[in-house]
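Novice: Shown below is the structure under consideration.
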Amino acid sequence: MMVVVSYDVSTVTDGGKRRLRRVAKECLNYGHRVQNSVFECLVDPVQFVLLKHRLLEIIDYEVDGIRFYFLGNNWKSRVECYGNEEIVSMDDPIVL
């Protein structure tokens, strides 16, 4: 399933800056960045539970926020991009 992860981590303190880096790094383990604080993650249900658990352990519930948007298995027909954005095919190999 395709899950879009969006987060807002307060970076007022050094701890917040560390949390921001940790959240981004964890999201990179499961998907790719499409905006500064937005990731598209193609995961199975078990992977999603792990991702969610890890992210919720990192954030500070008092000042940070995180959202998960579920696009399901038919995500290709639900994603539209405009401007300089391009849709990355999750079926093709990603070369780093």
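Any read-out appearing in this document is the output of simple, stated calculations on the displayed coordinates, not a laboratory observation. Note that the coordinates shown come from a computational prediction; the quantities given were computed from them, not determined experimentally.
Novice: What list of ³J(HN,Hα) couplings, whole Hz, do you get for the range 51-65 from phi and the Karplus terms 6.51, -1.76, 1.60, once you set θ to phi - 60° and write x for glycine and proline?
Specialist: Once θ is set to phi - 60°, the couplings for the range 51-65 become 4, 4, 4, 5, 5, 5, 6, 7, 6, 9, 4, 6, 10, 10, x Hz.
Novice: For the range 4-50, what D do you get in µm² per second when you plug the Kirkwood radius from alpha-carbon pairs into Stokes-Einstein at 25 °C and 0.890 mPa s? Please list the in-between numbers first.
Specialist: Working: Rh = 11.2 Å.
Estimated via Stokes-Einstein, D reaches 219 µm²/s.
Novice: Suppose the chain between Arg22 and Asp60 were pulled fully straight at 0.36 nm per residue; how much longer would it get relative to their current alpha carbon spacing? Walk me through the intermediate numbers first.
Specialist: Working: separation 38, 0.36 × 38 = 13.68 nm, distance 1.21 nm.
Roughly 12.5 nm would be gained on extension.
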